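First the structure, in the form of structure tokens, and then the observations on it.
The values are calculated or read from the model by the stated rules, or taken from the named source; none is laboratory data. Since the structure is predicted, the reported quantities are computational estimates derived from the model, not experimental observations. We place every Cβ from the backbone using ideal geometry, glycine too, and count neighbours over all the protein chains shown.
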There are 4 protein chains.
Amino acid sequence: MKIIGVVTSGGDAPGMNAAIRGVVRIAYSKNFEVIGFERGWEGLLINSFKRLNPRSVGGILHLGGTILHTSRCPEFKKDEAIKKAAETLALNNVDGLIVIGGNGSLQGALELSKETGTLIVGVPASIDNDVFGTDETIGFDTAVNTAVTEIDKIRDTAVSLERIFIVEVMGRKRGFLALAVGLTVGAEMILIPEVNYESEKIFQTIREAKERGKKSAIIVAAEGVGDNRQLANEIEKATEAEVRLSVLGYTQRGGNPSARSRFLASLFADKAVELISEGQKSRAVVFRDGKITNIGLEESCKTEKPIDLSLLELARVLTT
Amino acid sequence: MKIIGVVTSGGDAPGMNAAIRGVVRIAYSKNFEVIGFERGWEGLLINSFKRLNPRSVGGILHLGGTILHTSRCPEFKKDEAIKKAAETLALNNVDGLIVIGGNGSLQGALELSKETGTLIVGVPASIDNDVFGTDETIGFDTAVNTAVTEIDKIRDTAVSLERIFIVEVMGRKRGFLALAVGLTVGAEMILIPEVNYESEKIFQTIREAKERGKKSAIIVAAEGVGDNRQLANEIEKATEAEVRLSVLGYTQRGGNPSARSRFLASLFADKAVELISEGQKSRAVVFRDGKITNIGLEESCKTEKPIDLSLLELARVLTT
Amino acid sequence: MKIIGVVTSGGDAPGMNAAIRGVVRIAYSKNFEVIGFERGWEGLLINSFKRLNPRSVGGILHLGGTILHTSRCPEFKKDEAIKKAAETLALNNVDGLIVIGGNGSLQGALELSKETGTLIVGVPASIDNDVFGTDETIGFDTAVNTAVTEIDKIRDTAVSLERIFIVEVMGRKRGFLALAVGLTVGAEMILIPEVNYESEKIFQTIREAKERGKKSAIIVAAEGVGDNRQLANEIEKATEAEVRLSVLGYTQRGGNPSARSRFLASLFADKAVELISEGQKSRAVVFRDGKITNIGLEESCKTEKPIDLSLLELARVLTT
Amino acid sequence: MKIIGVVTSGGDAPGMNAAIRGVVRIAYSKNFEVIGFERGWEGLLINSFKRLNPRSVGGILHLGGTILHTSRCPEFKKDEAIKKAAETLALNNVDGLIVIGGNGSLQGALELSKETGTLIVGVPASIDNDVFGTDETIGFDTAVNTAVTEIDKIRDTAVSLERIFIVEVMGRKRGFLALAVGLTVGAEMILIPEVNYESEKIFQTIREAKERGKKSAIIVAAEGVGDNRQLANEIEKATEAEVRLSVLGYTQRGGNPSARSRFLASLFADKAVELISEGQKSRAVVFRDGKITNIGLEESCKTEKPIDLSLLELARVLTT
């Protein structure tokens, strides 16, 4: 009988629990055993895990966070750490390890896969949606909806008080979240790290919107864009409008996963276990062109994911 | 300058307003005018419309329903009605008409396109997701999330009282909504019209779940499946469990559209105006394999959309 | 050291878990032990309980349902059942029992208090808000908000399709829930069991609203009012309007408790433990005139709670 | 026929629209006319208003913000401004003015009432709940629930990553919002401006919680408490735990009002119009001891509202 390990690593994302549940139940249907390493890579370093069975993952499908807990583990880039983790896998006779996490976690998985005979499969889970090769990561849709719901509320105040709001959303170094959120809340402007902006052009856009009769504005800015507090001050000076900054923060990471995040998590889990049962090495499951498939783990974490800038232009026209 | 007409028809779906906003603003960016026919086909029969400009569609992106109102219009299948609508289009010099609605509406659009020189473009909007050629319709993702959120609540009671709930979701004659909802709430069973079920097998599944230690169960049943009240009674008799029926009803049609429904509406609107500006006749915009594209209006409404039954099997395994 | 028992009984209500948590942690702060009887009165009949401590009630404050489970237990009105329960209390040396539930549960508590030396305190928890002596029960505010949120969605469809909706809400034989919901969604009409209505007057109100320019209407009807399906048919015939019935159902019982339901649960729990530590017999904690206090258990469950009909008149004026 | 003016002033609060709707419809039922001054006091300074009737306040009951818009207007403390506003009231023959807003707005109303013969009634609307004489202000319950819902999400991350979060909520100089939120999310600590805290004691509490087995913690801190960023750094240093700050920000001001905020707004509006029809001068409507009543405008805005510190102690016990 095969033993499958599962671990959630890096920042948490809504739907991680749905993925854990999926892995466990699919695995059991194939007569595999499952052990869940705790607190991300740390669990592999100190051999901390719990046995999981179909009953122990009951009632978690709809919960945010991860029952296995997670951690950011910078030392996991070092050779000794990787070796220690490989030993833990060997010690527990783990045939395949499913790593649920974002870009950093997949890179850790890749390093580990070079050091061990255990089959490693990466499952992209991140609210940032910045993993190459997949159109969507687990948790992204939830985070977008959380941000959209919150900005819908902020707009009430923006309109009533006729103010400009800069709303900072997460996304680390990339603009996927900001772009999706900005387009769907009808933001008057979207600032993402992939596009350099000139302050003067922002001021101009705000002045023009004012002339078209818009008395309030929402600017959605990615956290990766720079100092949004300073930008707020600059806009205030240049346009004589009242400008407020609102940093949405950690609410974007939590909460019950959306239907789509649960769906993606379930299908990713199914595919991940299948890859292990087929004996495939170092793969990442992805959702691409409307289908679940898989690519090399190395490709998924070593390639920069392109962003569709035509959506920025569409967003611009839609807010005129 | 071109004149574009827009109409929402049939049952309402969250995101219709986002689509109207998109059509108007994209159209204006190309120097077209837009008129919105009111109350679905009725507006074309009695020449009732209002002029729309970028300001008149402000503040509606996030609202459910449709500012143009809609109606079910059975007489629109008759020749005279179609002729009358064609006259209205000619009278107002409408170059292109964008019809936002479900299967029935697209069929009306097809009939009308045969009778008029006006370019007709269909935009699939329906919580049922039953339009051929598109992986998703406007409003579907919102309806799925609404149902999932509600069933998450019902599960609190199901677990606390150790009961079985049959939850009836919409979907008309098809099971797309029930399948997506059932999979993402972790329903112990999913009943859809595309699959015949034997009562005895249902009883058996419930008995087995009980033996595995499950004291409550959620059965998600499409409205198209038949008499779910009677089914509840039958299960109660056969399994001696307490069974309750909950019909989710019209909440599934309304509410603020999810980010994804807004996104799809915006991209569909963009493509629809583009098709008209290119002079393309009788097309339907669709979302297929992760991309916005278009197919013939006739193909979209004359072909039965296939359903992926492998998801039923996945759902079964995931709930064990 | 004292031993406190806690039990949730009857229909579940959001906030029951918050109350259990409150009882356990307050009790421990006074050096009492707590045992939780399972599945309502059934747990007292078969001596089924689990020991609870501050850690075992962690992470449940915000969850709907009840971790102790609950049941409806009609046989608990019989003498033998009451005696069996009294024996269970004696067997476990329970000094005080806190019964969390609605009217029926408080009546059971009263019967039991006559049979046992154990101090019994009732904590009103019910989405129906029909317990005498308290302005509000645990769960009521949550249920009102759930219904209001759902009807806000239904209104999108009502307005877009220009239809009349009868929305049936819970409340058992009383109209507290319907009245609060109807007033806060701006229902065009509110039907409650405490007021007889004449069909003709309903028809008249709808016709008048139509004349004032209202093309859609929401009628909020308590489940206790009678056959709302039939009413829908009658209105349809009499007014030639399209009428739909939507039964909100069990979503009203579940879901994360609102802040207010958690607040009330916490304060009730605090007071309940205090009453036991003071040795007070057969009391019910209540929220009255903005304050937490207590009344006799007998008074709370033997008196019919009055309803403020002036709110009906206010609702009528507010919807003109 | 009487003419009633209505104005929303200061920060917006969810339920202001419900109050406007209430004022207009109640007033019309008494055959009064209503005019709505726009942009807070500014509308009274520049005589900017719109006529309101029962139809013009349709469809706003459930919307956040205020259709009359609002503004902060510091110059309204000057004599000339007050005189100008009094002239505007006279010019438009306004018999009574209903001022919907927080503490600052009621103070403006008081000044104005000294300068004019127009009857002035204050309606407390503020998410801060800091108006003396009323147990609750319009919008408070909504803001509490918004913050609670967001912190429930943050807890997912706090638990999964085993971190400490300081969550800053609004409330201006007072701690009503923080106290209500902290108690109902089960915050491990609540910091409010009314209570001085010693850093060392906070560190100690966190260390003790850790020893009791709590690996994460939520500290709810009022914005009025001081520099929460600095506090986060200090805790991090002192306890060697990872600490994150999340500032909930403007989402707390917006969004659809909760049922309770709508309810309070409706009853306040009813009472406010009644007071004007009775010819009462300089009153504020309040909700006290479970009942709607009224007090002197001067008393309401010149007295500091006491806060119930026993709730802090209860919160402490509940989180052990």
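Structure data summary
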| read-out | value |
| --- | --- |
| Breaking point among (1) touching a residue at least 40 places away in the same chain (Cβ under 8 Å); (2) within 25 Å of B:ALA265 (Cα to Cα); (3) among the β-branched types (Val, Ile, Thr), for A:ILE206 | (2) |
| The one condition in (1) in the same structural domain as D:VAL94 (by TED's automatic domain parsing); (2) closer than 26 Å to D:LYS77 by Cβ that D:ASP135 fails to fulfil | (2) |
| Residue check, C:GLY22 touching a helix residue (DSSP H, G or I) at 6+ places or on another chain (Cβ under 8 Å), within 18 Å of B:ASP156 (Cβ to Cβ) and of a type outside the set (Lys, Arg) | no |
| Condition broken by C:GLU33, with the remaining ones in (1) acidic (Asp, Glu); (2) closer than 23 Å to C:GLU278 by Cβ; (3) buried (at least 21 other Cβ atoms within 10 Å of the Cβ) satisfied | (3) |
| Lone qualifier among B:LYS173, B:LYS215 - being surrounded by fewer than 18 Cβ atoms within 10 Å (Cβ to Cβ) and under 17 Å from the mean Cα position of the chain (by Cα) | B:LYS173 |
| Complete set of residues in the stretch A:94-140 that are over 12 Å from A:ALA13 (Cβ atoms), of a type in the set (Gly, Ala, Ser) and either over 12 Å from the mean Cα position of the chain (by Cα) or in a strand (DSSP E or B) (or both) | A:GLY96, A:GLY108, A:ALA109, A:SER113, A:GLY117, A:GLY122, A:GLY133 |
| Residues (in contact (Cβ under 8 Å) with a residue 24 or more places away in the chain and basic (Lys, Arg)) located in the stretch D:174-203 | D:ARG174 |
| Total residues in the stretch B:237-277, condition touching a residue at least 40 places away in the same chain (Cβ under 8 Å) and farther than 30 Å from A:ILE151 by Cα | 11 |
| Scan of the stretch A:37-58 for residues that are assigned to a loop (DSSP other than H, G, I, E, B) and more than 14 Å from chain D (Cβ to nearest Cβ), ordered by number | A:ILE46, A:ASN47, A:ASN53, A:PRO54, A:ARG55, A:SER56, A:VAL57, A:GLY58 |
| Residue tally, condition within 14 Å of chain B (Cβ to nearest Cβ) and out of contact with any Leu (no Cβ under 9 Å at 6 or more places or on another chain), over the stretch A:290-304 | 3 |
| Whichever residue in the stretch B:244-264 is in a strand (DSSP E or B) and among the hydrophobic types (A, V, I, L, M, F, W, C) and, among such residues, is farthest from the other protein chains (Cβ to nearest Cβ) | B:LEU245 |
| Candidate set: the stretch C:47-61, residues that are surrounded by fewer than 20 Cβ atoms within 10 Å (Cβ to Cβ) and in contact (Cβ under 8 Å) with a residue 40 or more places away in the chain; chosen: the one nearest to D:GLY182 (Cα to Cα) | C:ILE60 |
| Tally of residues being assigned by TED's automatic domain parsing to the domain that holds D:GLY122, in a helix (DSSP H, G or I), in contact with a helix residue (DSSP H, G or I) (Cβ under 9 Å, 6 or more places away or on another chain) and farther than 17 Å from D:SER126 by Cα across the stretch D:272-320 | 5 |
| Some residue of the stretch A:188-208 being within 11 Å of chain D (Cβ to nearest Cβ) and either farther than 20 Å from A:TYR250 by Cβ or surrounded by fewer than 19 Cβ atoms within 10 Å (Cβ to Cβ) (or both) | no |
| Complete set of residues in the stretch C:281-320 that are farther than 15 Å from C:ALA109 by Cα and aliphatic (A, V, I, L, M) | C:VAL286, C:ILE292, C:ILE307, C:LEU309, C:LEU311, C:LEU312, C:LEU314, C:ALA315, C:VAL317, C:LEU318 |
| Test for C:ASN31: is it closer than 30 Å to D:THR319 by Cβ and away from chain B (no Cβ under 13 Å) | yes |
| Residue match in the stretch A:275-287 (condition: surrounded by fewer than 21 Cβ atoms within 10 Å (Cβ to Cβ), away from every other protein chain (no Cβ under 14 Å) and under 19 Å from A:GLU200 (Cα atoms)) | no |
| Tally of residues being more than 14 Å from chain A (Cβ to nearest Cβ) and small (Gly, Ala, Ser) across the stretch D:59-91 | 5 |
| Selection within the stretch D:129-184 - polar (S, T, N, Q), under 24 Å from A:LEU63 (Cα atoms) and away from chain A (no Cβ under 12 Å) | D:THR184 |
| Hey, B:VAL144 among the β-branched types (Val, Ile, Thr) and either over 17 Å from B:TYR250 (Cα atoms) or modelled with pLDDT under 95 (or both) or not | no |
| Selection status of B:ALA18, part of a helix (DSSP H, G or I) and under 17 Å from the mean Cα position of the chain (by Cα) | yes |
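A quick yes/no check of all residues on (1) in contact with a Gly (Cβ under 6 Å, 6 or more places away or on another chain); (2) assigned by TED's automatic domain parsing to the domain that holds A:ASP12:
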residue	(1), (2)
A:LYS114	no, yes
A:ILE120	no, yes
A:LEU177	yes, no
A:VAL181	no, no
